Structure formats: C-alpha cells, structure tokens
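In what follows, a structure is listed as structure tokens, so that the remarks can point back to it.
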Amino acid sequence: MDILTALFMVTGCLAMLIAAIGIVRMPDLFTRMHAASKVGTVGVSCVVLAAATHFAELSVVAPVLLTIVFFLATAPVAAHMVGRAAYGTGVRMWEGTVIDEWKRRSGNPPVKPPEP
C-alpha cells in the first residue's frame, strides 16, 4: 500500500507541476486555462487518492471520492465558462491559433475591448 500511495502522490505532484509550468509557459489565457483545469484536476485527484490509500478507512475514502467527483464535474464547466466570458469580452487569442470554433458558430466577431 505504501508503494501505491507514493505512486499516487508522485503522479499527482508531477501533474500539478506540469499544470504550473503550463500556466507560466502557454501564450494566451485559453491555453493557460486548459493546462490549469485539465492537468490540475488529475493532479488533485491523484493526491487525494494517495490520502485514501494511505489511511484506507471509509471516513477518508468517501470524502476523497466525493472530492474527485466534484473536481471532475466542476473544473471543465468552470474553465468553459471563464473561456467563454473571456472570448465574449474580446480577450485576444494567440496569433498561432488555427481554429476559432466560437467565431465560426456565432458568425459574429467577439466584442473588441476599448482602446487604452
């Protein structure tokens, strides 16, 4: 069990490190948000699974499973809503972005922010 706990902990920490590096290195809000929500969710899930395997009691495992379900249900929705709000207010995408699904679906360009 200790090996499984350590494996979950190391995997979770590495996933959160990758998410942190992605937030710093990605070129725009949309790709940063993707790194934070997807890989961060996996990282948190692995770390709480490490706690569940370490303690191996129902009083710990039940909240861990609820935490994982909560993260899996809310992180993608929250990232989508933040991205949609940012796009709607005119946050610019990276110059290397190839596909703009929202512009293609709505037929309208995003609202331009006022010039400073």
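Since every read-out is calculated from the coordinates, none of them should be taken as a lab result. Quick caveat: nothing in here was measured; it's all calculated off a predicted structure.
Worth pointing out:
- Helix-only mean residue ellipticity at 222 nm for the chain, each DSSP H run of n ≥ 4 adding -39500 (n - 2.57), per residue, nearest 500: -24000 deg cm²/dmol
- 3J(HN,Hα) along the stretch 79-89: 5, 5, 5, 5, x, 5, 5, 5, 5, x, 8 Hz, from the Karplus curve 6.51 cos²θ - 1.76 cosθ + 1.60 with θ = phi - 60°, whole Hz, x for Gly and Pro.
- Cα gyration tensor shape for the stretch 26-88, rounded if a/c is under 1.5, else prolate or oblate: oblate
- Between A20 and A62, the contour length at 0.36 nm per residue exceeds the Cα-Cα span by 12.3 nm.
- The stretch 2-106 - percent relative contact order, Cα under 8 Å, separation 6 or more: 30 percent
- Treating each Cα of the stretch 1-107 as one equal point scatterer and applying the Debye formula with no solvent, the log10 of I(q)/I(0) at q = 0.09, 0.10, 0.15 Å⁻¹ comes out as -0.32, -0.38, -0.71.
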